[in-house]
Amino acid sequence: MPSTRGLEIGTGLFVMLGFAALAFLTTQLPGGKLSVASASSSYRVTARFENVGDLKAGAPVTMAGVKVGRVAGVRFDSQDYKAVVDLTIDRQYNRIPDDSWANIETSGLLGARYVGLDAGGSETFLVDTGQIENTQSAMVLEKLVNKLFAAFASRPATGSGAKE
């Protein structure tokens, strides 16, 4: 019987290489906390949502498709039963109108969640510790499917197939 020692070593190296590649990729994915902005180069604002889906800290904040900041944290407010999202916006984007909209969006059909900002028309701008009042919650795919099935289930049957 030929020696399988070489095959075992090769398989072990292949598995180790796979784990190393996986570890590298998880640190490079969007939403990873690789770069931490200093307090002087950014400002914080909050937004309250009915539903944030699976939005996580570290997710990007974009405006017109350009990354302008990151989600600093997501917490639940037990007083008004809403999710409070803390956003860190890069200070170079200090002219975002204070009546802008914050939307929970998804990259792709089932991709990661992020916050998208749509500019308002106000002449005053968001400031440090400010709040975005206009928000649009996440669209949860399961809820949409349930509504679709409920609509079909409540629809009366049309025709029995028999001629009258």
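The values are calculated or read from the model by the stated rules, or taken from the named source; none is laboratory data. Here the structure is a predicted model, which means the values were calculated and not measured. Backbone-built Cβ (ideal geometry, glycine too); neighbour counts: all protein chains shown.
Going by the structure shown, is TYR43 closer than 20 Å to THR124 by Cα, assigned to a strand (DSSP E or B) and either aliphatic (A, V, I, L, M) or at pLDDT 85 or above (or both)?
Yes: the conditions hold for TYR43.
Being in contact with a Pro (Cβ under 7 Å, 6 or more places away or on another chain) and in a strand (DSSP E or B) is the requirement here; does ARG75 meet it?
So ARG75 does not fit the description; no.
Return the residues of region 50-92 that are in contact with an Asp or Glu (Cβ under 8 Å, 6 or more places away or on another chain) and within 14 Å of SER137 (Cβ to Cβ); say none if nothing qualifies.
Answer for region 50-92, where residues must be in contact with an Asp or Glu (Cβ under 8 Å, 6 or more places away or on another chain) and within 14 Å of SER137 (Cβ to Cβ): VAL74, LYS82, ALA83, VAL84.
For region 106-122, how many residues meet the condition of being assigned to a loop (DSSP other than H, G, I, E, B) and either modelled with pLDDT of 95 or more or among the small types (Gly, Ala, Ser) (or both)?
8
Go through GLY12, GLY18, GLY32 for me and flag whichever is among the small types (Gly, Ala, Ser), modelled with pLDDT under 85 and either out of contact with any Leu (no Cβ under 6 Å at 6 or more places or on another chain) or surrounded by 10 or more Cβ atoms within 10 Å (Cβ to Cβ) (or both).
Testing whether each residue is among the small types (Gly, Ala, Ser), modelled with pLDDT under 85 and either out of contact with any Leu (no Cβ under 6 Å at 6 or more places or on another chain) or surrounded by 10 or more Cβ atoms within 10 Å (Cβ to Cβ) (or both) leaves just GLY32.
Can you tell me which residue within region 51-76, out of those that are modelled with pLDDT of 95 or more and of a type in the set (D, E, K, R), is surrounded by the fewest Cβ atoms within 10 Å (Cβ to Cβ)?
Checked region 51-76; the qualifying residue surrounded by the fewest Cβ atoms within 10 Å (Cβ to Cβ) is ARG75.
Quick grid of which residues meet (1) touching a residue at least 60 places away in the same chain (Cβ under 8 Å); (2) touching a helix residue (DSSP H, G or I) at 6+ places or on another chain (Cβ under 7 Å); (3) among the charged types (D, E, K, R):
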{"residue": "THR62", "(1), (2), (3)": "no, no, no"}
{"residue": "ALA72", "(1), (2), (3)": "no, no, no"}
{"residue": "ARG75", "(1), (2), (3)": "no, no, yes"}
{"residue": "ALA83", "(1), (2), (3)": "no, no, no"}
{"residue": "GLN92", "(1), (2), (3)": "no, no, no"}
{"residue": "ASP98", "(1), (2), (3)": "no, no, yes"}
{"residue": "ASN103", "(1), (2), (3)": "no, no, no"}
{"residue": "VAL127", "(1), (2), (3)": "yes, no, no"}
{"residue": "GLY130", "(1), (2), (3)": "yes, no, no"}
